[in-house]
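The values are calculated or read from the model by the stated rules, or taken from the named source; none is laboratory data. Bear in mind that the values here come from a model prediction, so they are computed numbers and not experimental data. Please note: Cβ atoms are built from the backbone with ideal geometry, for glycine as well, and neighbour counts cover all protein chains shown. Calculation scope for accessible area: heavy atoms of the full protein, side chains included, ligands and nucleic acids excluded. Shrake-Rupley method; radii C 1.70, N 1.55, O 1.52, S 1.80 Å.
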Amino acid sequence: MIKLFMLTIIFSISTYGQTYVISQYEKYDNDKKISNYFNKLNEDDNSIILKINDNKFIVYKNDIEIYKFSVGYLSGLVINKEKIDNLKLIEYQDLLDSLYKINPLKLNETKNNITNQTLELQDASNYNLQLIKNNYFVDYNSYAPHEYIEFKAAFYEERVKFLNVFKKANKLFDESSKEYLEIIKSDTIYFESPTKELIKKLNIVEDKNKYSNKYNFRLQNRGFIVVDKNNQYKSNRHLINKKDEILNFEFFDLYGFEILKNSKKTIYIIELEELKKNKKKCYKTSYINIY
């Protein structure tokens, strides 16, 4: 298995006698932004990094050493780091192999190469993966892949391959996030308010007005958490004995945006001073996305 992995990497960066750092589709990072990822993860730039969206990273350190990192949306800090078990290395190798076989230039083609017709879409989702090594990167971006696949438009086969890799990459993280998977099943979710230290650390702006029963946490450039103290809920006593049902703010840093953006869920915030009481006062919370 190890020999196979080595051969795959060599094949991937050597095409038609010309050697590339990553692949023939790579670009040089003139803005020097790539080094930030290596610094954030405390990895050397000879590793290959697969970046999934903005907060999930798989680091191929060498032939037999692969790590998985989860980074907070707000803090930008590494929250989870996990070394991949030897028995699972082949699964991560396959992920990288599959990505090398995709032509990223075709992922956003809008004109059908046979019929010359263009599929016009609005308000669809964008999916992103990025391979990084040294000062080079390869972007895999695909806008509205599901729609192109449905209508079999403009290199939809390439989008099928990309979407499969994207789903597999995210699934590798979901499998180790059982707590998150259990929580998102619930219709009602509770999390504690951030400490003063955390507010300062994450550059959260706390807007409070003594004349109003509403206040909010402004989350850098991502949006607002609005807390409505008029809408109060006294939680059941069983929450005292099951603290895992009250999410700390670190958990919110990692998963909170996905939870808050789900309008079907009812979300309550518990102020820190309430955590010590038997009957906690919880305040209904909403999220306003500023994008």
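If the reach is capped at under 14 angstrom between alpha carbons, list the aspartates and glutamates near Lys168, excluding any in the same chain fewer than eight residues apart.
Reachable aspartates and glutamates: Glu91, Asp94, Asp97.
Could you work out the local net charge near Glu147, counting Lys and Arg as +1, Asp and Glu as -1, over the other residues with Cβ closer than 14 Å to its Cβ? Write out the running numbers ahead of the final one.
Numbers: positive: Lys152, Arg159; negative: Glu109, Glu120, Asp123, Glu150.
Summing Lys and Arg as +1 and Asp and Glu as -1 gives -2.
Counting only protein heavy atoms, what percent of the accessible surface of region 58-150 is carbon or sulfur at a 1.4 Å probe?
Solvent-exposed carbon and sulfur of region 58-150 make up 42 percent of the total.
Could you give the accessible area per residue of region 42-177, probe 1.4 Å, as a whole number in Å²?
Roughly 50 Å² per residue, with all protein chains present.
Using the structure shown, select from Lys27/Lys161; Lys27/Lys51; Lys40/Lys61 the pairs with a Cα to Cα distance greater than 18 angstrom.
Lys27/Lys161
Work out how much length Thr19 to Ile90 would gain on full extension: take 0.36 nm times their residue separation and subtract the Cα-Cα distance, in nm to one decimal.
Residue separation times 0.36 nm, minus the Cα-Cα distance, leaves 23.1 nm.
Kindly provide the pair-distance distribution of region 28-95 built from C-alpha pairs, with 10 Å bins from 0 and whole-percent values in order of increasing distance.
19, 53, 25, 3
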